[in-house]
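These notes concern the structure reproduced below.
Rule-based calculations on the coordinates, nothing more; no lab input. None of the values given here were measured: they were computed from a predicted structure. So basically every Cβ, Gly included, is an ideal-geometry build from the backbone, and we count neighbours across all protein chains shown.
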Amino acid sequence: MSAPPKSFRYVSSDRRVREDRRFVVGKGRYIGDLAAEGMLHVALVASQHPAARIISVDASRALALPGVHAVVDGAELAAAVEPLMNGLDTPHVRRYPLAVGATRYMGEWVAAVVADTRALAEDAAELVEVEYEPLPFVLDPEEAYKPDSVPVHPAHGSNVLLDRVFNWGEVDTHFADSARELSFRVVWGRNSTVPLETFGVLAQWDPWGGVLDVRASIQMPKYADQIARALRLPMNGVRVHHDVDVGGSYGVKRGIKHTVLAGYLSRKLSRPVRLIEDRLENMRSGDAHGPDRSFDISVAFNQDGVVNSMKMRALDNAGAYAGRAPFQLGKPIGAIVGPYRIKSVRYHAISVTTNKAVEEAVRGFGQSPTNYAIETMMDRVAEACGLDRVEVRRRNLVRADEFPWLIPSGTRYDSGDYHALIDKTLAHVGWDALMAERDALRAQGLLAGIGIAACLEPSGGNSSFEPLLNPKNTTTTWMESCRVNIDALGCVNVAIHTTSSGQGHETLAATAVGEALEIDPDLIRVARPDSLSSLPGNSPVGSRMAIMLGGAAFHAANKLKAKMIAIAAKRLGCAPEAASYHEGSVSFGGQTLAWQQIVEIAHRHYHELPSGFEPGLEASHIMQTPTGEALPTADGRVQMYPCHSFEFHVVLVAIDPELGKPELRRYVIGHDCGTVINPHIVKGMTLGGIAHGIGAALLEEFVYDADGQMMSQTFMDYLMPSSKEVPRVEIVHQCTPSPLTVFGQKGSGESGYLGAPAAVSGAINDATSPLGLRFEKLPIRIAALSDAVARARLQEGKQT
Amino acid sequence: MKVVLSVNGADHHIDVEPRLTLLDALRDALRLTGAHAGCEHGVCGACTVLIDGRPARACLMFAAQADGLSITTIEGLASVPGELSLLQDAFCETHAMQCGYCTPGMILSAHALLREDPAPSREKIIDAISGNICRCTGYGQIVEAIELAARRLAGANQKEGAA
Amino acid sequence: MKAASFEYSRPETVEEACWQLSRDDDARLIAGGQTLVPMMAMRLARPTRLIDIGRIPALSFIREEDGAQLVIGAMTRQADAEREPSIAAAAPLLARALPWVGHAATRSRGTIGGSIANADPAAEIPLALATLGGSVIARTERETLIIAVEDFFLGPMTTALPPTAVLIEARFPIWGQRRIGAAFLEISARAGDFAYVSAAAQVALDDDGRCLACTVGIGGATPVPRRLAAVAALVGSAISESRARDAAAAEIAGIEIMTDPHASTAYRRRVAITLAARAILAARDEAMTNEARR
């Protein structure tokens, strides 16, 4: 693919995001806003034990309540539905929407109550009597990893879902040949992106039509497939409606267990059933927790700070069931060396089950925790060499003239100019002045530090980590599609085949089609047909939609444009290659055929159509991920995502040493995602990602106590950044287009989030390093920070 | 029990259980679904409405308590169907949302602020929206929208081009 | 999260409210509801009846009595109190505390009396009341009770209010000196959260900058808001940073301090000393620049 054009008509221009209009007037269509005639509501009965055998479930008092229609337990459900799919080959880790025989984490759903109202369902849920026999449990992943640990799934034999060592390159040789070596551990605490809207699903079974209509707050590939499989329906017996507004997802809205449950209930009762998690159900049992991971790193480097090789052991606590979590150890393989020219890597990926809630896909799919580990490593190398942290990065970064750059694990980075973006960002920051500001704050008696983070956003999303970690899975197809149709009156209609959760896909698709057809995107209508009327797609995951939906829409529109040119060329009496297209008109030899005339021919003048042409003006395109064609090699090398955006964070933090509360005084991010399709959307992603990252670094954690009780069940304990916790962010732009995409665009759906935790952690460590302190676990809480400072000062002989 | 909710200038007579919150009454009984349930325990602000012009959390009131009080929801801001208030338009101009779930509550908090202080400082804007959690935007474009609305309000009824 | 069912009534007088309360052991008053309603949503509170005192006119007022007491009716909304100039003049410490209470949307409904009756150890209004040495008036069917703040807060979420009593008003002493300053400081993970530690101070100075009166209290660290007796030592001379800190430390070093997963005892103790000292100094600085506003 040749280099894309540098200037665009509509791409990159300041255009309003059309979706906003319905949201500002309160006309979003979220699951909670949708009702159906005769709809019933669900509440869940949850286990309070981290592990227990279910001895009995007595629903008699609940069923006696007026307005209660059914109480269903795991035994009934397991007889009627297939277990939910695992990503890895772990058939003995069986998961159903309700616990079957035993509960495996505090909060796990044991029974579902269906009633006329949600309030009645909750009343009845309190009356369901469950007898439990508590069982031994394990919460710590290192404990769970041991062969003699209590197995969460005895049939599986151990708690190990994944335990694989990858060796890419001459690791041992590089370690032996390096002058220096150091090791450390960092821990990414269990948190998640916790959207403001909980997961909800409205399931309606039509017994005469044989179709299950599903509307859900969903962001999930293979959703209709998995519903059908679990409910033992043909896939065309499931109709997923994509025209539902999703109140935020950032990866986690994968409510397949809720959906299978609601679908089963709807079929059982022949009534529409709506299941919306309340916040308690969501936090402890929604199975939407994020990575819970420790990293043990050894790094081999030279005295000049050049890193030669890295060993990384990543241990992830997947919770009580397998789900998709283990793949979050696989995706980071596609950028396992970060933006650096590290020559070899040993990667030991371990995923274990414990009696905690289930981990789900979170923004970045494991990349942000991995970047936190890598950037900590670079800071440590700089410290060990007595070198400036930015300089060490400069010495290690892939250089602009080296792209495409092949990393040891098999991915090629498509394009980038990391050094230039760093230079540009530091120039904007005023690096020397920032250092002086830090020193001035220190002179005032504050702790002050600067944190930096350089990292990649792999984008384009394929499923290479699936066959990589599960050889029985030979999926290489990871597509997205778009249909464009010009109707009889010349209006353009675009169909996209997925739900959205605020990423502006309607605006994105209209812009891409408008760019191709050279017509105003605001005239283009975008619709979302349901899954029975849709072409294949894989939903907005893996930072892929700018690339994949943008690409599919652009290609479909270009196919349509070619048809229009051919139709006009026939009337104009020339070869299509000789005709020229301009803003909807086609010209040759001084004559021009206008848009409306071409439309008329296509829709009404069959006698004028080129031979073999179908009537009307319609084209579709189903696009495969660029570069994603091959299965992994035997030693685990594969091309992960195709495109790589780059970001560079600079944060200045000040901390009152007594109070321990970090204040982010300045936040600058350099960001390069190639061609920007809509500047507002990309800006929003970056700022929102940084806010998520600040939360992960300082505030957010799902805390379990020693008895396996999840303590962070409400927003009084799980703290998310408000407007006062997120500083004003300055964005420095750069555009290094991707050679692999239609406009040169790369993804930006994870931007900011991928580097903010590393940068904030780095700043706090820089601030406290004069006291000899290190903070190696996220989140860094104010009391812990203050306590550590107080202890250090005591040792230094200072008064507190 | 019978409750009269005065919403966006119109009185609605409803018959509800005492335990029905104002939020659920607005959404389910009156089908005004712009106020959203985010946490149902009064922290996230997605349920924000105006009561006697002041922001309040609709999930923290029972409908019965709101009997006879003057309630404004997001549906009451636009003057005419199809049009946007100056503030709503500013939110579109700066793309001050993504998923839209926090947006009605956020706009109402901003609306109340601008009524009390038409030229708020950035700090005051941040304080006014600090009770509305947003998980999408990181607040930057939201603050910009409110600043833009304040500037436009200041310039309203002036000849174009005036400072 | 839907509350369990309950009966609802809305008395028009305090007498009626007392009567209803005495008829049902599991009935509860609801004022602003900002604390009670989330508890009910989580089904941690399950009153059989809610007695809504929100429309009793006699409970919403702010007035001064003899220039010595600022009296605030229990149903006075925190947002109204925040905007009330007479509170800023007569009880500046309370005025400093109010912006820290929750968020604007909770202050528009939350009440002065509700916060005091709820008695959360980290709450700002109880700390202001304790620090100023105020009192509470409550009414039952048979009697009117006047309870000094030292006798009112008994433990976390526990007060001396009899179960059948309605809290009527809160009384804050008015200081008569000419140069008064006040300060309120709080630390929490996020703005608007329950405080890990808070400190309130009000200081009066003579024309030469010597301390005529000083009161300091800490919240969030002890089961009830605590007025520090040791700061009496500051009266009679200029307040210096080291003397302020020593006075705070002397007392706080020896008392029992709470702990929880968010903040350790050590943290709370250290920060209580720091915030108390800073509050004293900030109040002093404000007094230095203030002439009487009354």
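Quick notes on this one:
- Under 30 Å of direct C-alpha separation, and excluding same-chain neighbours fewer than eight residues apart, A:Lys570 reaches these lysines: A:Lys559, A:Lys561.
- The range A:464-494 residues near the modelled A:Ala562 label - backbone nitrogen below 19 Å, point 7 Å along Cα→Cβ: A:480-486
- Relative intensity of the range A:402-527 on a log10 scale, I(q)/I(0) at q = 0.13, 0.15, 0.21, 0.22 Å⁻¹, equals -0.90, -0.97, -1.16, -1.20, per a Debye sum over C-alpha point scatterers of equal strength in the absence of solvent.
- The lysines within cross-link reach of A:Lys563, meaning a Cα-to-Cα straight distance under 20 Å and a gap of 8 or more places when in the same chain, come to none at all.
- The range A:575-670: GluC sites (Glu not before Pro) in DSSP coil with no more than 15 other Cβ atoms inside 10 Å: A:Glu583, A:Glu629
- Sorted largest first, extent of the range B:55-163 alpha carbons per principal axis (Å): 50, 30, 27
- Near the amide H of A:Phe301, within less than 5 Å, lie the amide hydrogens of A:Ala179, A:Arg180, A:Glu181, A:Asn308, all on another chain or at least 5 residues away, with H placed in the peptide plane.
- Chain C - Debye-derived log10 I(q)/I(0), Cα point model, q = 0.11, 0.12 Å⁻¹: -0.64, -0.75
- Amide H contacts under 5 Å for A:Ala51, placed H, 5+ residues apart: A:Leu135
- Descending semi-axes in Å of the range C:159-259, equivalent ellipsoid built from Cα gyration tensor: 26, 20, 14
- Antiparallel content of DSSP bridges confined to chain B, in %, to 5: 85
- The range B:6-31 and the range A:275-328 have Cα centres lying 45 Å from one another.
- Cross-link partners for A:Lys683 among the aspartates and glutamates, with Cα-Cα distance under 12 Å and sequence neighbours closer than 8 places in the same chain left out: A:Asp14, A:Asp672, A:Glu730, A:Glu750.
- By the count of other C-beta atoms within 10 Å, a proxy for reagent exposure, A:Asp20, A:Asp123 are ordered fewest to most as A:Asp123, A:Asp20.
- Rounded to the nearest 20, the size of the Cβ-charge dipole of the range C:216-263 about its Cα centre is 160 debye, with Lys and Arg at +1 and Asp and Glu at -1.
- Counting 0.36 nm for each residue step from A:Glu37 to A:Ala706 and taking away their Cα separation leaves a gain of 236.2 nm.
- Fewest neighbouring Cβ atoms within 10 Å first, the residues B:Thr103, C:Thr158, A:Thr714 line up as C:Thr158, A:Thr714, B:Thr103.
- The range B:9-57 - Rg (one decimal) and Dmax (whole number), Cα, Å: 11.0, 29
- In this rough spin-label picture, where each label sits 7 Å from Cα along the Cβ direction, the A:Asp717-A:Glu131 distance is 3.0 nm.
- Farthest toward the positive end of the dipole of the range A:127-237, out of A:Thr198, A:Ala228, A:Val152, is the Cα of A:Ala228, where the dipole comes from beta carbon charges about the Cα centre.
- Estimated vicinal HN-Hα couplings, Hz - the range B:15-28 in sequence order (Karplus 6.51, -1.76, 1.60; Gly, Pro = x): 10, 9, 5, x, 7, 6, 6, 4, 4, 5, 5, 5, 6, 8
- Per-pair calculated FRET efficiency, R0 = 60 Å: C:Arg178 and A:Asp225 via Cβ, rounded to 0.05: 0.15
- Computed [θ] at 222 nm, helices only, for chain A once each DSSP H run of length n ≥ 4 contributes -39500 (n - 2.57): -8500 deg cm²/dmol
- Residues whose placed amide H lies under 5 Å from that of A:Glu730, excluding near-sequence neighbours: A:Tyr667, A:Val668, A:Ile669
- For C:Arg190 and A:Ala436, the FRET efficiency from 1/(1 + (r/R0)^6), where r spans their Cβ atoms and R0 equals 35 Å, is about 0.70.
- Residue pairs, from the table A:Lys661/A:Lys777; A:Lys424/A:Lys661; A:Lys146/A:Lys222; A:Lys311/A:Lys777; A:Lys472/A:Lys746; A:Lys257/A:Lys356, whose Cα atoms sit over 26 Å apart: A:Lys424/A:Lys661; A:Lys146/A:Lys222; A:Lys472/A:Lys746
- Computed from the C-alpha gyration tensor, the three semi-axes of the ellipsoid equivalent to the range A:432-473 are 47, 12, 5 Å, from longest to shortest.
- Inter-centroid distance (Cα atoms) of the range A:146-215 relative to the range A:547-597, Å: 48
- Of the trypsin sites (Lys or Arg not before Pro) in the range B:64-163, the ones in a loop by DSSP (not H, G, I, E or B) with at most 15 other beta carbons within 10 Å are B:Lys159.
- Taking θ as phi - 60° and the Karplus parameters 6.51, -1.76 and 1.60, the scalar couplings of the range A:332-348 work out to x, 4, x, 8, 5, 9, x, x, 10, 8, 5, 8, 8, 9, 10, 10, 10 Hz in sequence order, x denoting glycine and proline.
- The B:Ala10 and C:Glu241 beta-carbon pair, evaluated with R₀ = 60 Å, returns a calculated FRET efficiency of approximately 0.50.
- For the protein assembly as shown, the fraction of alpha-carbon pairs in successive 20 Å shells from zero, as %: 11, 38, 37, 13, 2, 0
- A dipole drawn for the range A:663-738 from +1 and -1 charges on Cβ atoms has a positive end, and of A:Asn678, A:Met720, A:Ala691 the residue lying farthest that way is A:Asn678.
- The equivalent ellipsoid of the range A:248-355 has semi-axes of 42, 13, 11 Å, largest first, where each one is the square root of 5 times an eigenvalue of the Cα gyration tensor.
- Among A:Val25, A:Val211, A:Val42, the ranking by other beta carbons within 10 Å of each residue's beta carbon, starting with the fewest, stands as A:Val211, A:Val25, A:Val42.
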